[in-house]
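Since every read-out is calculated from the coordinates, none of them should be taken as a lab result. Model, not experiment: these values are computed from the prediction. Here the Cβ is made from the backbone with ideal geometry for all residues, glycine too, and neighbour counts use every protein chain on show.
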4 protein chains.
Amino acid sequence: MTKKVGILGATGYTGLELIKILLNHPNMEISYLGSVSNKGKKVSEVFPFLEKYSVGKLQFEGYENIPTDVELLFLALPHEVSMELAPQLLEKGYKVVDLSGAYRFKNLQDYKTFYGFEHKYPQILEIAVYGLPEIYREKIKKASLVANPGCYPTATLLALYPILAKAKDLIVDETIIVHALSGVSGAGRGLKQHFHFPEMTNNMFTYKVVNHRHIPEMEFVANSLTNKGLKIRFTPTVVPIDRGMISTVYIKMKKTDLRELYREVYQRKFFIQILNQPPKSKEVANTNFCFIYPVYDERTSTAVIVSAIDNLVKGASGQAVQNANLMLGLEETAGLDTLIPSLI
Amino acid sequence: MTKKVGILGATGYTGLELIKILLNHPNMEISYLGSVSNKGKKVSEVFPFLEKYSVGKLQFEGYENIPTDVELLFLALPHEVSMELAPQLLEKGYKVVDLSGAYRFKNLQDYKTFYGFEHKYPQILEIAVYGLPEIYREKIKKASLVANPGCYPTATLLALYPILAKAKDLIVDETIIVHALSGVSGAGRGLKQHFHFPEMTNNMFTYKVVNHRHIPEMEFVANSLTNKGLKIRFTPTVVPIDRGMISTVYIKMKKTDLRELYREVYQRKFFIQILNQPPKSKEVANTNFCFIYPVYDERTSTAVIVSAIDNLVKGASGQAVQNANLMLGLEETAGLDTLIPSLI
Amino acid sequence: MTKKVGILGATGYTGLELIKILLNHPNMEISYLGSVSNKGKKVSEVFPFLEKYSVGKLQFEGYENIPTDVELLFLALPHEVSMELAPQLLEKGYKVVDLSGAYRFKNLQDYKTFYGFEHKYPQILEIAVYGLPEIYREKIKKASLVANPGCYPTATLLALYPILAKAKDLIVDETIIVHALSGVSGAGRGLKQHFHFPEMTNNMFTYKVVNHRHIPEMEFVANSLTNKGLKIRFTPTVVPIDRGMISTVYIKMKKTDLRELYREVYQRKFFIQILNQPPKSKEVANTNFCFIYPVYDERTSTAVIVSAIDNLVKGASGQAVQNANLMLGLEETAGLDTLIPSLI
Amino acid sequence: MTKKVGILGATGYTGLELIKILLNHPNMEISYLGSVSNKGKKVSEVFPFLEKYSVGKLQFEGYENIPTDVELLFLALPHEVSMELAPQLLEKGYKVVDLSGAYRFKNLQDYKTFYGFEHKYPQILEIAVYGLPEIYREKIKKASLVANPGCYPTATLLALYPILAKAKDLIVDETIIVHALSGVSGAGRGLKQHFHFPEMTNNMFTYKVVNHRHIPEMEFVANSLTNKGLKIRFTPTVVPIDRGMISTVYIKMKKTDLRELYREVYQRKFFIQILNQPPKSKEVANTNFCFIYPVYDERTSTAVIVSAIDNLVKGASGQAVQNANLMLGLEETAGLDTLIPSLI
């Protein structure tokens, strides 16, 4: 059973990552690649290293005239472009996995506050499902539009979920502190002075210390699960790594056996592994895994949970494929369990 | 006015950093280098790149028979070796700057809990002064034994100090969360599998999530300043950088103008700079500066302060020289203001 | 058709890389893992990140008592251990791919000169086939013992082969200069001071400027192909990369159309791609590809050919699987064409 | 004795490096900073990390109205801008150290071939002195215009000089092969896709395999010294390092004692150190040193010389200061011997 899929915005890091994953997918076939900036070029002109693969012979198209036998489209586009395109594509009958932030949460005001634009399609927002399969698997299966989570929210919510779902009554402070570290690919392919190699190598810095864009989706999920008015106090730091992310969450709470709680909640989730020591980001690089280390600090009555993902895979394109698998009735791990953790 | 000084444990990273700084110091002269493992060798045999400098012709000695005209000794030694040596050296009349953890806090039990050894010299502990010059300048001037702070405590306490000193009544939660990122040199020159280049490059990981050794000195200072029973909830993450450190502290507190508070408290401190944006670790690499960015997050009523240092300079050897300057009656910035911040 | 295979020396970088490749191989199954240092431990104890995979449940065994239904063994062992084990394993009927240098060339004296040991099995040396499939495909198919080439020789000989095979009469100087750059994983997992992360990051250095161990196999192949008494003047430099290798070869020769020659010779070789611009090592990282850029410099009458591989894949474990595919009658690209080139 | 100097083009990497070096120079004072793009801004607005230093209060000016008490100007400008400005500045009586390629060699045709522009000032070219102090010290002392060498030529010519000067009759092939590796800062601050951190980290690639711009100055010096019609076959590779350069040169020649030759030729040159093992680029990073390792390979009758510099210091701004010291009658090492080699 092979499903035809397409990618709009195929030449950024997440688009290229989707191409690579889908080339090895046993049940999906890339039959459409959209790129406004490279329209008309062959894929192997833009990415010469793909010359030996069938996809290299494809041509980048615009975003119109998508063949009707394509079942699902991945949107790896700017937020506002996605916001506009998604409703049109849904109307034409395509299933959509949107990797932007355009449909991740419901509160219209937050789009203005955190993203700086007015959301024009509240009725589409209503039907969008947040694509974190470890939490919303059943809803995703039935969805036509899945909003693929941001990388920081993926790492963070997977670190929080067992407590939010099964131990929320033990929480004693509504502010959850989250400090997350990200590789530079999380910021995309666009050139910036501070990401110029001589300046970024051997360097690190924190940015957007207040009001980062990923806050509303984290709070939306956290409060959907608990109804407790939780707040996420979020800090991101960029480190000199190409791909990789570690999120550390701090929850003031009463003591409980976190290790057991986490193992139980995640026991049937293939892509989650609970560790006895903190994860290394490189172990999960180039994989769809999330490695989690939960610990309770008695001195300060604080649960500290450390999670690691690859920001481009579980934090973006891998999770998008995981969502697409569910939406298309395929095995959830198809095309993803071949991405094996390693040491280097 | 030139003061003769010596270094015991001169072949680790902090020892070598001391050599480099002292070679350019206008008022200090290295006249003694101790290294048990390299005893009898010339410095230029161990560090051939120092051949062109006078120090290259020196010979590493043991820790006995230190010339009497040496005024001050830097100890860059393991904790327990320092604990034993410091009292003997003081008795012989040397001033001592100890870069280990052996004399940093007063609580004897904490040495057992956090360091795993019994402290044998409580009376020497009493006279030791904690060497954070921005806080304890006057005491350091008169001290014979200065315990040079750990790198994490330096970055963290400098980020906390203005609030602890001037706004402690605004603090509403006694637990202060601290998440600090360190370059790998902070772990020293000793070989470890996870620091082998192919495994550490492009990688990061958190370690010692509970009960890190630097907690007691941070809590000791915090509570000396406030008497409020503050607790430090501390997490360190190692990142693929040779030298550099960023500490982020989270204090639940009532609103105040942090920028103004920080500028005022630190206005006469040469090595502290208050920024309008978060610091980059590379800006302060190879310098004795601490760059600080304080911000108040109204959404969560939390003060977030980000500080950056070079873990080997302000976090170790540079601060040791700053302390020695004070102890020897020299200009506080001597030999250190020539280490200029940069971009790459 | 599934073939059972085993790995001896499974816990180094090349052993682990073999495990990862074989886990995704459509026609091979790992049924035996040997490791003297980890004998008796489960794979997931040594590599916890493999817990979710079947191989994680295997146990490391010694090098005796290998099941008889294993058809082929990969030896990822020290040179002298391989030299001793290979003959015994062949006698028991296993096919062997040896990743060490023990059987790569025929001249007994060179083992003494370059490796420092006396080769004890000249008759086994005679039947060993040098495992560079782009040159010796047909011989490899029939071999019972294949000596998998070193990483430097792989990159270098693939850069040289078209000239050696088809244009040797144009060569005007018998000394071929080769300057190759390698990522640090090429030196293995063993700890060394100069590979300690703080010293190796942002650093590079040349080593073994004369008489590197990979010279005899390069000269052996070069002269087998040309019978011209060619000499390889070889320099390796280690650069701060985990995996990756670029070899540049300089041949004084008469002018010819190198681009056309290379495209023609390699037109049916899946893993070789001829580029119009110099390759980036990252494009071929984690793949079995060799990217080659040949150019003729008229100013100096010199052919300059630049080739790039991943030292652990095409330079070691990937090529070992490519050889095993041929030896076992499988598709040459099986398990390897799923390793797709990329940008990051 | 303090000399007033200025920098035109002060906001690139070499301009900033000049600022840092000059701030610590005992006999020079920065009294003029020119930057067209930042004209009118205070230095500390562009480089906030310089706020604590006097230079931070300076304002960037244009390139006109330079005070007359400035004695010497450093030009860190694009080639063609330097070509135009240098004659005007000389006429006004300033001494000039030009860090561009505009005045490095004499052959007018080579400017067209290698730089793509027509040189308009052949008479100024005639008076320009090539600023490699280890070779042209006496000429530099008397020069009004010094053309500061490129980074590759500096490392390469210092590696070649003893043979060219004292053993040229032993050379048996007129083509000298040079393979040099450079950190990314050598390419400047301008943004390029392949230098975007996620793509450049853990990566390396060769570029400009034929006809690199630094060839004419290398051949000009080589032939000035030998009159032998030598040709430089030059290949540069960029590696993931911020600053650092290693050049390896290959000269076919008769045997001689290279170690002794090099030690003798360079015995009084402070910034040259002859090593018994190949240099590490990090040892000379942030210093004005050139470390050299010469070896004769008897197998191939080839002299192999490896040299290491910091491309921004000895390869640019440090050497510019060394030249300025000579031109202004100061100690050659002033402001530069405080830049001490190290390990990390």
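As a length-normalised measure over Cα pairs under 8 Å and 6 or more apart, the relative contact order of the range A:92-149 settles at 47 percent.
Between B:M218, B:M200, B:M245, the residue with the greatest mean-square fluctuation in the GNM of chain B (Cα pairs under 10 Å linked by springs) is B:M200.
When the alpha carbon coordinates of the protein assembly as shown are projected onto the principal axes, the ranges are 83, 83, 62 Å, largest first.
The rotation axis taking chain D to chain A passes closest to this chain D residue's Cβ, listed with the gap in Å: D:L191, 2.
Taken about its Cα centre, the range C:152-311 carries a charge dipole of about 120 debye when Lys and Arg each add +1 at the Cβ and Asp and Glu each add -1 at the Cβ.
In nanometres and ascending order, the distances from the D:N227 label point to those of the other copies are 4.7, 8.9, 9.8 (point 7 Å from Cα along Cα→Cβ).
Taking only DSSP H segments of four or more residues, each worth -39500 (n - 2.57), what value at 222 nm results for chain B once the sum is divided by all its residues, to the nearest 500 deg cm²/dmol?
For chain B, the value works out to -8000 deg cm²/dmol.
When chain B is treated as a Gaussian network with alpha carbon springs shorter than 10 Å, the biggest mean-square fluctuation among B:L77, B:L312, B:L23 belongs to B:L23. Ordered by the number of other Cβ atoms lying within 10 Å of each residue's own Cβ, fewest first, B:S342, C:S31 fall into the sequence C:S31, B:S342.
Principal-axis analysis of the Cα atoms of chain D puts helix D:215-226 at an angle of about 60° to the longest axis. In this assembly of identical copies, the label point of A:G40 (Cα plus 7 Å along Cα-to-Cβ) is separated from its counterparts by 4.1, 7.0, 7.8 nm, sorted shortest first.
Each Lys and Arg contributes +1 and each Asp and Glu -1, all at the Cβ; summed about the Cα centre of the protein assembly as shown, the dipole is approximately 0 debye.
Taking a ≥ b ≥ c as the square roots of the eigenvalues of the alpha-carbon gyration tensor, the range A:120-198 is classed oblate because a/c is 1.5 or more while a/b is no larger than b/c. Bridging of A:K282 to aspartates and glutamates at a Cα separation below 13 Å is possible for A:D242, A:D310, B:E199, C:D242, once same-chain residues fewer than 8 apart are set aside.
The relative contact order of the range A:152-311, computed from alpha carbon pairs under 8 Å that lie at least 6 residues apart in sequence, is 32 percent.
In the structure displayed, which of A:K280/B:K112; A:K208/B:K231; A:K120/A:K314; D:K166/D:K269; B:K255/D:K52 lie more than 18 Å apart, Cα to Cα? Write down the numbers at each step before the final one.
Details: A:K280/B:K112 29 Å; A:K208/B:K231 27 Å; A:K120/A:K314 29 Å; D:K166/D:K269 16 Å; B:K255/D:K52 29 Å.
Over 18 Å apart, Cα to Cα: A:K280/B:K112; A:K208/B:K231; A:K120/A:K314; B:K255/D:K52.
For chain A, the longest principal axis of the alpha carbon atoms and the long axis of helix A:318-327 meet at an angle near 80°. Straight-line cross-link reach from A:K95 at under 14 Å between alpha-carbon atoms covers these aspartates and glutamates, not counting any fewer than eight positions away in the same chain: A:D69, A:E71.
For the range D:148-216, chymotrypsin sites (Phe, Trp or Tyr not before Pro) meeting the loop criterion (DSSP other than H, G, I, E, B) and having at most 12 other Cβ atoms within 10 Å: none. Taking all Cα pairs closer than 8 Å and separated by 6 or more residues, the relative contact order of chain C comes to 18 percent. Label point of D:R263 (7 Å along Cα→beta-carbon): distances to the other copies' equivalent points are 5.5, 6.0, 6.5 nm, sorted ascending.
Using a 10 Å cut-off around each Cβ, can you sort B:Y63, B:Y111 from fewest to most neighbouring Cβ atoms?
B:Y63, B:Y111
Other residues whose C-beta falls under 14 angstrom from the C-beta of D:K208 contribute a net charge of +3, scoring Lys and Arg +1 and Asp and Glu -1. Neighbour counting of Cβ atoms within 10 Å sorts the residues D:D110, D:D69, fewest neighbours leading, into D:D69, D:D110. Shielding of peptide A:210-222 by partners, expressed as the average count of other chain Cβ atoms within 10 Å per residue Cβ, is 1. Largest GNM mean-square fluctuation across C:P26, C:P198, C:P149, computed for chain C with C-alpha springs under 10 Å, falls on C:P198. For the range A:59-88, the set of GluC sites (Glu not before Pro) satisfying both a DSSP loop assignment and a count of at most 16 other C-beta atoms within 10 Å is given as A:E64. Against the main long axis of the alpha-carbon atoms of chain A, helix A:79-91 sits at an angle near 60°. Please report the net charge: other residues with Cβ closer than 9 Å to the Cβ of D:S31, K and R +1, D and E -1. Value of the local net charge: -1.
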